[in-house]
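The values are calculated or read from the model by the stated rules, or taken from the named source; none is laboratory data. Keep in mind that this is a model prediction, so the values were computed, not measured. Cβ sites come from the backbone with ideal geometry, for glycine too, and all protein chains shown count toward neighbours. Please note that ligands, DNA and RNA were not included when accessible areas were found on the heavy atoms of the full protein model with its side chains. Shrake-Rupley method; radii C 1.70, N 1.55, O 1.52, S 1.80 Å.
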Amino acid sequence: MELQCQTFNKVEIRVQPSVKVKNGAPISIICHADISKNSDFQLKHNFTIFKDGKLVFMTVSDKEDARYEIPVAKSADTGDYECTVQADGKKGFSNSIYVWVAGMTKPILTADKKEVSEGEVVKLRCELPEEVPPLEFFFRKIKTNSAPKEKRVPEQNQNFSEVEFPVEEGDNILQFDCFGKRQVRSGWESSQHSNSTLVTVKEPFIKPTLITRPSSSNVTEGDQIEFECSTEVAQMRGIEIIFQKNRTILNSVRDEKSLKYSTVATQEDSGEYLCKVEQGAVSKTTKLNVFVSELFPKPTLSASTTKLDENKDLILSCNINGFRRANFSIVRKSSTGDILLKNSRVLAIKVNVNDTGSYTCKAEVKGIVKESKRVRINVYAPVSKPTLSVVSGSPEVVLGKPLQLICHSAMGTPPITFTFYKGDEIKKNVTNDTYAMFLDEDIGLNDNGGYKCDARNNHSSGVKTSNILNVTVIVPIRDASLGSVPYGEVEVGSDTAFLCSVKEGSWPIDFKFFKKTDHEVLLHEVREYSDRTIWHKKTMKRKDTGTYYCMASNRASMDVRSRPITISVILAAWQKGVIAAFVLTAMAGAGAIALWWFLRKKKKAKGPSMEMSGSALAPNLTNEKLTRQPSDGNYYSGSGYIEDNGNHMKSTDESKGPDLESAEVDYTEVEVSSLDPHRAPEQKGTETVYSEIRKTNNDSMENRHSRIYGHPDAT
């Protein structure tokens, strides 16, 4: 039996009659499968049609075509269509095709009321029953002789929308309609306009009327003018009438049909008046312009002079151009109110400084009062002699620093003009009330005086000049240096002179001497009216070795520090000589004892005669200034102990005698005889030997040892 075989050549989708049809027309979506088979056998096809990715049609057929019929196409049928075919386990896919159903269904509009009053609202509902969101709705309010008012409302999840329109003043018969829009691939598509809905508007009250008596075009200053505002209302409750000029409310009434307001007319009453009637949310207004003719012009105040010295005469006069029959008064203005000076056209007074101020005059005709412009009168007291001083208080300035001066007049009517001089040169002019400041930033070394200031105001007495202010220029310290005599090395016990000097600086100068340690130590300080000072330091000690520096300052308040110097305190010459003598003496003593020892051994080798000589040595030595004290029977040879920098050669018996380590060293002179080995008692000559004298720390006793090793038989 032959094996059945098939394959998809192509799957395609078509639209009849066209991919673009009008709303309401029929449309067919056709899915076609082109399949090849190896024999003529029956094959089942599963057709599936999608719109915008969503399943809209499915069928099973043994034919190669499937049709999705839409008898009445709506705008919601617009979209991308595609189909799939499955047969004998194999699947084929078509391309996508866009179908556009042009046109939208006509919307339906309804209103919640057919008759409303001004101030109420109309609620409208617009629906596109066969459309699918998202949609946009447009509502229109149409009234005679005016452009429609439109509201746009987008809807994402429903095919209807609702909106409210307020009913305003002047609305009579209103007409409403709506239409919808949707977005398609080519842009926006609009529906037809809905049916029109009519709404009748009732007036709760009529527009108010506003009249004046006399007529608004025939009002003169001094006339009594009356305003009347009235309306007709359907319901009195809640009615309010308001009368205002510009933004100022002049009068108002409630639950009344009319309002009256009267006043004596002035030129200031010219302008626009407004009558407003309100009830709930409804408001209606009427406007009226009023012009008030001038009865007489404003008066003019003149003064004999506006600036004068105290105790001078002042004349003020008030006039009206071309009009004399008026009641005049002259007043002075004050923060607490007007001060009446005289009910007259003319005022003559002798002034003092308290009369400085603003003056006006008033004129009254038929109850209308008009006031002139203000005239400023300034009365001047003479300035007192000014005082010139330094702001910081002290009449001195540091070289290179600015100098600020103040010039002050205790008396005098402001404004006062102050002039500053440096020498004969004008540096600055300042106008102020009682004082002025001057900053001199160009201070030189020779600027030691010559400042003064002038003060003057509008008084006829003229200029007053201060005393001359002498200012001392303080030169800051520059280049401090330190030296010493002797310099570098100083012997112990000697004096040292330290010299601290400055290259430049105003006197007095404060000098300070310091020694550097872990922290700075102040050794000496002095104030000098000089550019240098000498400090004598007595009796230098080894601990005074170190680094020294000095510091200088004056009224410029700047400390200047010298470079440091190093002082080394060394031993004096005599101290070095003592040490050298001790060393030489110790060496000579050692040589003498060595010679004696040699002679003694030679004598012992010659027999008994030498013993006698040795026995006679002890008393002989005793007579030669050598004190020998027993120490447990041990004796120390002078040549057997030499001290050098604390290193000692000690006796084998260290427990005998005092502690030599801690003993002080003293010296004594010892004469040692040179012995003839054959004639022991006879002394041929003498040698001087220095022996060490050691003292114990507690000074309990002194041991003086010749340190001579005796013969073994000598006890």
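Things to note:
- When F50 is tested against the conditions (1) open to solvent by 50 Å² or more (accessible area, probe 1.4 Å); (2) modelled with pLDDT under 95; (3) touching an Asp or Glu at 6+ places or on another chain (Cβ under 6 Å), the lone failure is (2).
- Among (1) closer than 18 Å to R478 by Cβ; (2) outside any strand (DSSP E or B), the one test that G591 misses: (1)
- Those residues of region 197-224 which are in a strand (DSSP E or B) and of a type in the set (S, T, Y), in sequence order: T197, T200, T209, T212, T220
Per-residue answers, yes or no, for (1) crowded, with 18+ Cβ neighbours inside 10 Å; (2) in contact with a strand residue (DSSP E or B) (Cβ under 9 Å, 6 or more places away or on another chain):
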site: H45; (1), (2): yes, yes
site: T78; (1), (2): yes, yes
site: A111; (1), (2): no, yes
site: V116; (1), (2): yes, yes
site: E130; (1), (2): no, no
site: N145; (1), (2): no, no
site: E150; (1), (2): no, yes
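- Evaluation of R325 against (1) outside the structural domain of N343 (by the TED database); (2) under 26 Å from P214 (Cβ atoms); (3) not hydrophobic (A, V, I, L, M, F, W, C) (one fails), failing number: (1)
- Strands (runs of 3 or more DSSP E) completely within region 339-386 that count 2 or more residues being in contact (Cβ under 8 Å) with a residue 24 or more places away in the chain: 346-350, 357-365, 368-371, 375-380
- Within region 264-279, the residues that satisfy the criterion of being touching a Ser or Thr at 6+ places or on another chain (Cβ under 9 Å) and either over 16 Å from R247 (Cα atoms) or among the hydrophobic types (A, V, I, L, M, F, W, C) (or both) are A265, Q267, L274, C275, V277.
- Filter result (of a type in the set (S, T, N, Q) and either more than 18 Å from A281 (Cα to Cα) or surrounded by 12 or more Cβ atoms within 10 Å (Cβ to Cβ) (or both)) within region 232-256: Q244, N246, T248, N251, S252
- Within region 187-214, tally of residues that are within 30 Å of F291 (Cβ to Cβ) and open to solvent by less than 70 Å² (accessible area, probe 1.4 Å): 5
- In region 373-380 there is no residue that is open to solvent by 60 Å² or more (accessible area, probe 1.4 Å) and of a type in the set (S, T, Y).
- Selected residue (only one of S270, S216, S190, S230 is of a type in the set (S, T, Y) and under 30 Å from K106 (Cβ atoms)): S190
- The numbered conditions (1) at pLDDT 90 or above; (2) outside the structural domain of V21 (by the TED database); (3) more than 30 Å from S186 (Cα to Cα); (4) not aliphatic (A, V, I, L, M) are all true for K113 except (1).
- Close Cβ contacts (under 6 Å, 6 or more residues apart or on different chains) running from residues in region 62-74 that are in the same structural domain as F47 (by the TED database) to residues that are assigned to a loop (DSSP other than H, G, I, E, B) and open to solvent by 50 Å² or more (accessible area, probe 1.4 Å) comprise D62/Q42; D62/K44; P71/P26; K74/E130.
- Filter result for the condition that a residue is touching a Phe, Trp or Tyr at 6+ places or on another chain (Cβ under 8 Å), over 30 Å from D177 (Cα atoms) and surrounded by 13 or more Cβ atoms within 10 Å (Cβ to Cβ), over E64, E82: E82
- Filtered residue count, region 147-188, keeping only those that are of a type outside the set (D, E, K, R), modelled with pLDDT under 85, assigned to a loop (DSSP other than H, G, I, E, B) and within 30 Å of V19 (Cα to Cα): 1
- The set of residues in region 429-442 that are in contact with a Leu (Cβ under 6 Å, 6 or more places away or on another chain) and assigned to a loop (DSSP other than H, G, I, E, B) is empty.
- Pairs where the first residue, in region 183-198, is over 30 Å from N172 (Cα atoms) and the second is loosely packed, with under 12 Cβ neighbours inside 10 Å, C-beta under 9 Å, 6+ apart: E189/Q183
- All positions within region 484-502 that are of a type outside the set (S, T, N, Q) and touching a Ser or Thr at 6+ places or on another chain (Cβ under 8 Å): V485, P486, G488, E489, V490, G493, D495, A497, F498, L499, C500, V502
- Meets criteria (within 59 Å of the chain's Cα centre (by Cα) and at positive phi) for S557: yes
- Residue under evaluation I35, criteria (1) touching a residue at least 40 places away in the same chain (Cβ under 8 Å); (2) touching a Phe, Trp or Tyr at 6+ places or on another chain (Cβ under 9 Å); (3) surrounded by fewer than 18 Cβ atoms within 10 Å (Cβ to Cβ), criterion not met: (3)
- Residues (outside any strand (DSSP E or B) and among the β-branched types (V, I, T)) located in region 225-272: T231, I239, T266
Conditions (1) in contact (Cβ under 8 Å) with a residue 40 or more places away in the chain; (2) open to solvent by 20 Å² or more (accessible area, probe 1.4 Å), marked per residue:
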{"residue": "E226", "(1), (2)": "no, yes"}
{"residue": "E272", "(1), (2)": "no, yes"}
{"residue": "A281", "(1), (2)": "yes, yes"}
{"residue": "L288", "(1), (2)": "yes, yes"}
{"residue": "P299", "(1), (2)": "yes, no"}
{"residue": "L308", "(1), (2)": "yes, no"}
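- Tally of residues being part of a loop (DSSP other than H, G, I, E, B), open to solvent by less than 40 Å² (accessible area, probe 1.4 Å) and more than 15 Å from R456 (Cβ to Cβ) across region 398-428: 1
- Residues that are free of Cβ contacts under 8 Å to residues at least 24 places away in the same chain and within 21 Å of N172 (Cα to Cα), drawn from region 206-224: none
- Candidate set from region 455-478 (those that are closer than 13 Å to L405 by Cα and not aliphatic (A, V, I, L, M)); member that is surrounded by the fewest Cβ atoms within 10 Å (Cβ to Cβ): N470
- Residue within region 547-563 that is over 30 Å from P402 (Cβ atoms), open to solvent by 40 Å² or more (accessible area, probe 1.4 Å) and not in a strand (DSSP E or B) present: yes
Residues are listed down the side, and each one gets a yes or a no for (1) assigned by the TED database to the domain that holds D433; (2) on the phi > 0 side of the Ramachandran plot; (3) modelled with pLDDT under 90; (4) of a type in the set (F, W, Y):
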{"position": "K373", "(1), (2), (3), (4)": "no, no, no, no"}
{"position": "R376", "(1), (2), (3), (4)": "no, no, no, no"}
{"position": "G393", "(1), (2), (3), (4)": "yes, yes, yes, no"}
{"position": "E396", "(1), (2), (3), (4)": "yes, no, yes, no"}
{"position": "I406", "(1), (2), (3), (4)": "yes, no, no, no"}
{"position": "T413", "(1), (2), (3), (4)": "yes, no, yes, no"}
